[in-house]
Amino acid sequence: MLINHPILGPRDAGEFVYKGDASLIRRPDWQADDAVAQFIDYGYLRDNPAGLHRELWFHEQGDRSWLVVTRDTTTHEITKVELARDVARAEGRSK
Amino acid sequence: MHYSGFKVIKEALTGHRGWGPAWRDATPKAQYDYVIIGGGGHGLATAYYLAKEFKQARIAVVEKGWIGGGNVGRNTTIIRSNYLLDGNEPFYEFSLQLWENLEQELNYNAMVSQRGILNLIHSDAQRDAFIRRGNAMILNGAGAELLSTEQIVARYPFLNVNNARFPIKGGLAQHRGGTVRHDAVAWGYARAADRHGVDIIQNCEVTGFRIENGACTGVETSRGFIGAKKVAACVAGSSSRLMEKAGMRLPIESHVLQAFVSEGLKPLLPGVITFGAGHFYCSQSDKGGLVFGGDIDGYNSYAQRGNLPVVEDVCEGGMAIFPNLGRARLLRMWGGIMDMSMDGSPIIDRTHVDGLYFNGGWCYGGFKATPASGFAYAHLLATDTPHKTATAYRFDRFATGHMIDEKGMGNQPNLH
Ligand SMILES: Cc1cc2nc3c(=O)[nH]c(=O)nc-3n(C[C@H](O)[C@H](O)[C@H](O)COP(=O)(O)OP(=O)(O)OC[C@H]3O[C@@H](n4cnc5c(N)ncnc54)[C@H](O)[C@@H]3O)c2cc1C
């Protein structure tokens with residue numbers, strides 16, 4: 001698999017480490033009333049879809065940036081690659 | 001029809017005209033007491049023990065393709081009970097004991113071969129960890145022996161014990177471990193379940209659950225609605241896709257694991273060897289092919305085929321420890337979809353829906369679990385209480401902090 005890194009261009013997937021579902025960017029609020037339930041969900045439950053999946057990859061043997069890759073889990077075809085930083089900021093994280 | 005040596009001779013002398021089909025290809029009835037979803041090893045074993053041990057009737061196994069087409073027919077056939085933790089080891093030891101008597105039990109030749117399994121050691125820290133695991137195995141009656149490098153060389157003279165990065169410093173052996181003909185396990189359980197009146201319904205995909213007032217009353221399938229008092233999901237790598245239809249999200253990711261077989265060779269490798277540090281394990285099939293594999297590819301996948309980096313990684317690991325492997329040609333390779341759980345251990349439990357039960361999360365090691373998984377799941381279905389070896393396999397262990405994490409990797413499925 002080749003991952004088309006937004007800064008570095010196409011890179012071999014072997015340079016990356018896979019983390020999992022990109023919803024992990026949305027860490028729950030630890031002060032919420034139902035924080036425990038939210039963290040159980042966040043830590044342990046996954047949609048695990050067959051089809052399009054947005055997922056986190058870490059460019060460990062490259063520029064060490066985190067990417068959000070949109071990939072089809074039934075064909076392995078990658079349709080979109082974004083910097084995780086941009087995705088998180090667009091969601092209002094760490095302004 | 002009972003299989004026996006006498007029957008083989010009689011058929012040989014009469015032109016093999018007396019062999020009938022091993023099981024009926026059933027058509028679905030309107031209503032059952034139990035509908036088991038998934039005709040893999042676990043689903044078929046569940047149906048068999050439900051009928052045989054727990055004296056239940058009106059049981060159907062519903063399979064979307066053909067039985068044995070899933071992971072039960074794709075795995076590398078290794079059985080063992082060499083686990084460390086209390087939640088696991090009694091269960092896998094129970095399974096190994098069921099394997100030891102399986103062929104008599106099922107009246108079917110599943111080629112159970114207790115040729116032994118050896119985990120290689122390369123460092124002092126690893127030796128300490130393996131001694132601890134060996135002691136846990138001995139405490140659970142599974143048996144274990146720590147072997148020196150000399151003992152390993154005597155049995156496996158071709159191993160490269162002086163690899164610069166991973167020299168072989170010993171190994172943990174379980175002599176009762178080994179291999180079983182995987183397809184024959186599916187066929188043997190199918191035939192035995194059929195003989196106890198179980199309907200095996202192939203080419204019948206479950207597309208939804210009928211849930212009324214919080215209780216499951218049956219399944220929607222590609223061959224129409226089938227009513228059931230109890231519905232038992234047992235679909236391994238497809239678990240999340242199926243349970244989503246009952247509104248559930250699972251502590252599971254689906255990942256692809258690849259396996260490889262070389263051309264047939266003369267007898268070379270008497271037992272099973274695992275080189276965990278180098279992501280490689282291998283055995284030799286009775287046909288002579290070297291059967292080997294390594295790590296999962298590492299990213300969510302439902303593709304049933306892997307990619308080349310893992311092929312390279314597995315072959316490099318193999319060459320490092322087993323240099324004469326380089327002379328053999330690769331004959332076949334394939335992939336299967338693993339239900340990788342958040343702590344690397346399985347789930348056999350009720351769900352929030354009355355009458356709907358779940359069995360899954362077997363990761364890359366569910367073949368060896370087949371008999372005990374079927375037995376424990378049947379116990380849960382028939383009595384609504386967990387079998388004594390499977391009490392830890394609950395859904396709520398992630399919420400209560402009772403994870404069964406053999407490798408101590410945390411909630412990262414691709415590391416288990
Ligand atoms: C390459 C590889 C090597 C492995 N090596 C080993 C090993 O050496 N030792 C070991 O212990 N384990 C091993 N495993 C793991 C083991 O094979 C699995 O954990 C185990 O087979 C899973 O249980 P099963 O047999 O019931 O699964 P399966 O055979 O996959 O059964 C599940 C069935 O459910 C059916 N199904 C899915 N969705 C539906 C639906 N909606 N309706 C109806 N039916 C449905 C599928 O078609 C399938 O037949 C390996 C796996 C792979 C892929």
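Just so it is clear, none of the values below were taken in a lab; they were calculated from the coordinates. Bear in mind the structure is a predicted one, so any value in this text is a computation, not a measurement. Don't worry about glycine lacking a Cβ; one is built from the backbone with ideal geometry, like all the others, and counts go over all protein chains shown.
Which of the aspartates and glutamates could be linked to B:Lys230 by a straight reach, that is with a Cα gap under 16 Å, when you skip same-chain ones fewer than 8 residues away?
Those aspartates and glutamates meeting the cut-off are B:Asp33, B:Asp199, B:Glu212, B:Glu220, B:Asp349, B:Asp354, B:Asp384.
Please work out the C-alpha center-to-center distance from the stretch B:311-349 to the stretch A:13-78 and express it in whole Å.
That distance is 25 Å.
Taking loop as defined by DSSP and a crowding limit of 14 other beta carbons within 10 Å, which chymotrypsin sites (Phe, Trp or Tyr not before Pro) in the stretch B:83-191 fit?
Answer in residue order: B:Phe158.
If the cut-off is a Cα-Cα distance under 17 Å, which lysines reach B:Lys64, setting aside same-chain residues fewer than 8 apart in sequence?
B:Lys29, B:Lys245
Once amide H atoms are built 1.01 Å from N in the peptide plane, which residues 5 or more positions from B:Ala228, or in another chain, come under 5 Å H to H?
Close amide H contacts, sequence-distant or interchain: B:Tyr32, B:Gly218, B:Val219.
Rounded to the nearest 5, what is the percent of antiparallel bridges among the DSSP beta bridges in chain B?
Antiparallel bridges make up about 70 percent of those DSSP assigns within chain B.
Can you give the longest run of chain B that contains no trypsin sites (Lys or Arg not before Pro) sitting in a DSSP loop with at most 10 other Cβ atoms inside 10 Å?
Details: sites that count: B:Arg17, B:Lys55, B:Arg165, B:Lys287, B:Arg329.
Between the exposed loop sites, the longest stretch runs B:166-286.
When the Cα centres of the stretch B:395-415 and the stretch B:48-127 are compared, how far apart do they sit, in Å?
Cα centroid to Cα centroid, the span is 22 Å.
List the lysines whose alpha-carbon lies under 23 Å from that of B:Lys407, not counting same-chain residues fewer than 8 positions away?
Candidates past the 8-residue exclusion: A:Lys19, B:Lys169, B:Lys368.
For the stretch B:121-133, what does the Karplus curve 6.51 cos²θ - 1.76 cosθ + 1.60, with θ = phi - 60°, yield as ³J(HN,Hα) per residue in whole Hz, taken in order and with x for Gly and Pro?
Those phi angles translate into 10, 10, 8, 4, 4, 5, 4, 4, 5, 6, 5, 4, 5 Hz.
Using the 10 angstrom Cβ neighbour count as an exposure proxy, how do B:Ile131, B:Ile79, B:Ile152 rank, fewest first?
Values: B:Ile131 15, B:Ile79 28, B:Ile152 21.
Ranking B:Ile131, B:Ile79, B:Ile152 by Cβ neighbours within 10 Å, fewest first, gives B:Ile131, B:Ile152, B:Ile79.
Testing the spin-label approximation: label points 7 Å from Cα along Cα→Cβ at A:Thr74 and B:Glu53. State their distance in nm.
For the pair A:Thr74/B:Glu53, the computed spacing is 3.7 nm.
With each run of n ≥ 4 DSSP H residues scored as -39500 (n - 2.57), what mean residue ellipticity at 222 nm is computed for the protein assembly as shown after dividing by its residue count and rounding to the nearest 500 deg cm²/dmol?
Rounded to the nearest 500, the figure is -7500 deg cm²/dmol.
Any idea which of A:Ala84, B:Ala392, B:Ile337 is furthest toward the positive side of the dipole for the protein assembly as shown, if Lys and Arg beta-carbons carry +1 and Asp and Glu beta-carbons -1?
B:Ile337
With θ set to phi - 60° and the Karplus curve 6.51 cos²θ - 1.76 cosθ + 1.60, what are the ³J(HN,Hα) couplings of the stretch B:21-37 in order, to the nearest whole Hz, using x for Gly and Pro?
x, 6, 8, 6, 8, 7, 9, x, 8, 6, 8, 10, 7, 10, 10, 9, 9
Checking the a/c ratio against 1.5 first, then a/b against b/c, what shape does the Cα gyration tensor give for the protein assembly as shown?
oblate
Counting other Cβ atoms within 10 Å, keep those with at most 16, restrict to DSSP loop, and tell me which GluC sites (Glu not before Pro) in the stretch B:1-88 are left. Working shown, then result.
On the way: sites: B:Glu11, B:Glu53, B:Glu63; in loops: B:Glu53, B:Glu63.
Those satisfying the criteria are B:Glu53.
With the dipole of the stretch B:1-147 worked out from charges on the C-beta (+1 for Lys and Arg, -1 for Asp and Glu) around the Cα centre, which of B:Ile131, B:Leu13, B:Thr77 lies farthest toward the positive end?
So the residue we want is B:Leu13.
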